[in-house]
Structures are given as C-alpha cells and as structure tokens.
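Written out below as structure tokens is the structure these notes cover.
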Amino acid sequence: PALNLSSFGITEEDAEESFNEALDIFMDDIISKNNLEKVLISLGWIIKENSFIPPRIDLPKIVNEYKPVKAERLTYPVCYA
C-alpha cells in the first residue's frame, strides 16, 4: 500500500512473483526518470536526513476492506462475424 502497487496470481507464489515484477518495473521507471523523491513524496513518504520514511498504514482497516475472494473459472461467449 505504501507504493500504491498491487498484483495477483493463482497461487500465493504466483502473486508474489507478479508483485515483485510490478515493483521492479515501478522502481526502474521512477529511478530512470529521476523521479524517486517526487513520487515517494506524492505517495505520503517523508524524506528525512537521506532516509525514506513510509506513510503510516492502517493495516487492520485495509484487511477488513479487502476480503479474499474465491477463485472461479469464468467462461465468456465469443461471437464471430
């Protein structure tokens, strides 16, 4: 939540791998554009004495708002013209 990133996967391992990929892309992008400090500040981070302090996260509130969902296989009809 401190970086406003999310990801998903079929398994916990898939989700973690997908998140790490999203994080790598995010960090590569903001660092290559010299926007690290600007982006972190816009996300509520505090920069103090060359340290990055993340915003406070109300984890119980986040957990209560986002309950796990059961994975389902969906089928969509396809129309060919």
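Some points to look at:
- Structural descriptor for the chain: relative contact order 23 percent, calculated from alpha carbon pairs under 8 angstrom and at least 6 residues apart.
- Once the Cα atoms are used to define both axes, helix 12-32 deviates from the longest principal axis of the chain by about 40 degrees.
- Likely footprinting exposure, F8, F52, fewest C-beta neighbours within 10 Å first: F8, F52
- Each residue of the stretch 40-50 is assigned a 3J(HN,Hα), and the resulting list reads 4, 4, 5, 8, x, 6, 10, 9, 9, 6, 6 Hz, derived from the Karplus form 6.51 cos²θ - 1.76 cosθ + 1.60 (θ = phi - 60°), x at Gly and Pro.
- The longest part of the chain holding none of the exposed loop trypsin sites (Lys or Arg not before Pro), meaning those outside H, G, I, E and B in DSSP with at most 12 other Cβ atoms within 10 Å, is 1-32.
- Reciprocal mean inverse distance between Cα atoms of the chain - Kirkwood radius, Å: 15.8
- Near I31: Cβ cut-off under 11 Å, other residues only, Lys/Arg at +1 and Asp/Glu at -1. The net charge is -3.
Read the figures in this text as sums done on the coordinates, not as results from a lab. All values reported here derive from a predicted model rather than from experimental measurement. No Cβ is skipped: glycine too gets one built from the backbone with ideal geometry, and neighbour counts run over all protein chains shown.
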